[in-house]
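This report concerns only the one structure given below.
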Amino acid sequence: AQSVTQPDIHITVSEGASLELRCNYSYGATPYLFWYVQSPGQGLQLLLKYFSGDTLVQGIKGFEAEFKRSQSSFNLRKPSVHWSDAAEYFCAVGRGATNKLIFGTGTLLAVQP
Amino acid sequence: DGGITQSPKYLFRKEGQNVTLSCEQNLNHDAMYWYRQDPGQGLRLIYYSQIVNDFQKGDIAEGYSVSREKKESFPLTVTSAQKNPTAFYLCASSPRTGDSNQPQHFGDGTRLSIL
């Protein structure tokens, strides 16, 4: 069965430090992968997406993610975190032609001054 | 600006009542979705619709109903059969797809609570 795992429930980083949020997926075919961010009480905003081609994808707000087929991973990275990056981050995989998404359980990011 | 509007932002329901959550989009998207979000569980798909007058059950459809009479609108009714309705509900839309996946765009959600 298709699934998405975000192993880290909660992460705290210092402002200016680098960030990596982990995402592992289970999907039989070529996956369509997404990272979304959610501020408290708000909807989800798309950060970046991977469909095919280059395995390193760039997104908004200085985020990037690397697709590694051999490790079934799609980790999100940012070189230098800003206080405004504090939010919850969700990884998701697309389920084919119906465009349904399977979401991970999310990683809550806290940023220390 | 195009987007998805969910209303109301907060909703309270008494035991035994049905309530309807509104979702309107002006993105000209064919597909629309309803998700339920609970702490620590991510988002779970309730219903989705790929075209007007057609919709399909998602992973947790029991106790919910939807309609899709217009392209722009996809209201969700939480019925009295839903025993644990307290949650944050998110509506999303995307262009109709064939074999590829397109990102879903989300509204700002409705928080439903039981009185």
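Observations on the structure shown:
- Here the condition is being surrounded by 15 or more Cβ atoms within 10 Å (Cβ to Cβ), at the interface with chain A (Cβ under 8 Å from one of its Cβ atoms), outside any strand (DSSP E or B) and out of contact with any helix residue (DSSP H, G or I) (no Cβ under 7 Å at 6 or more places or on another chain); of B:Gln82, B:Gln102, it holds for B:Gln102 alone.
- Single match in A:Thr5, A:Thr12 (criterion: closer than 15 Å to A:Leu108 by Cβ and out of contact with any Cys (no Cβ under 6 Å at 6 or more places or on another chain)): A:Thr12
- Boolean, B:Ile4 is within 19 Å of B:Ser80 (Cα to Cα) and touching a Gly at 6+ places or on another chain (Cβ under 7 Å): no
- Some residue of the range A:78-85 being in contact with a helix residue (DSSP H, G or I) (Cβ under 8 Å, 6 or more places away or on another chain) and either hydroxyl-bearing (Ser, Thr, Tyr) or modelled with pLDDT under 95 (or both): yes
- So B:Leu115, is it at pLDDT 95 or above and of a type in the set (A, V, I, L, M, F, W, C): no
- Among the conditions (1) hydroxyl-bearing (Ser, Thr, Tyr); (2) over 20 Å from A:Gly41 (Cα atoms); (3) touching a residue at least 40 places away in the same chain (Cβ under 8 Å); (4) touching a strand residue (DSSP E or B) at 6+ places or on another chain (Cβ under 8 Å), B:Ser67 misses just one, which is (3).
- Of all residues in the range B:13-60, exactly one satisfies the criterion of being surrounded by 20 or more Cβ atoms within 10 Å (Cβ to Cβ) and touching a helix residue (DSSP H, G or I) at 6+ places or on another chain (Cβ under 8 Å), namely B:Tyr48.
- The range A:76-92 - residue that is more than 11 Å from every other protein chain (Cβ to nearest Cβ) and of a type in the set (Gly, Ala, Ser) and, of those, nearest to the chain's Cα centre (by Cα): A:Ala87
- Across the range B:29-53, the qualifying residues are those that are aliphatic (A, V, I, L, M) and part of a strand (DSSP E or B), and the one among them that is nearest to B:Thr77 (Cα to Cα) is B:Ile46.
- Sole residue being within 14 Å of chain B (Cβ to nearest Cβ) and part of a loop (DSSP other than H, G, I, E, B), chosen from A:Gly16, A:Gly28, A:Gly41: A:Gly41
- Breaking point among (1) within 14 Å of chain A (Cβ to nearest Cβ); (2) under 24 Å from B:Lys14 (Cα atoms); (3) touching a Phe, Trp or Tyr at 6+ places or on another chain (Cβ under 7 Å); (4) without any contact (Cβ under 8 Å) to a residue 24 or more places away in the chain, for B:Cys91: (4)
- Among the residues of the range A:40-71, those identified as out of contact with any His (no Cβ under 8 Å at 6 or more places or on another chain), of a type in the set (A, V, I, L, M, F, W, C) and closer than 16 Å to B:Ser94 by Cα are A:Leu44, A:Leu47, A:Leu48, A:Phe51.
- Checking the range B:97-107 against the condition returns a match, with at least one residue being in contact with a Cys (Cβ under 9 Å, 6 or more places away or on another chain) and in contact (Cβ under 8 Å) with a residue 40 or more places away in the chain.
- Selection within the range A:55-113: residues that are polar (S, T, N, Q), free of Cβ contacts under 8 Å to residues at least 40 places away in the same chain and farther than 19 Å from B:Phe106 by Cα. The member of this set that is surrounded by the fewest Cβ atoms within 10 Å (Cβ to Cβ) is A:Ser70.
The values are calculated or read from the model by the stated rules, or taken from the named source; none is laboratory data. These numbers were taken from a predicted model, which means no experiment stands behind them. Neighbour counts are summed over all protein chains in view; Cβ atoms, including those assigned to glycine, are modelled from backbone coordinates with ideal geometry.
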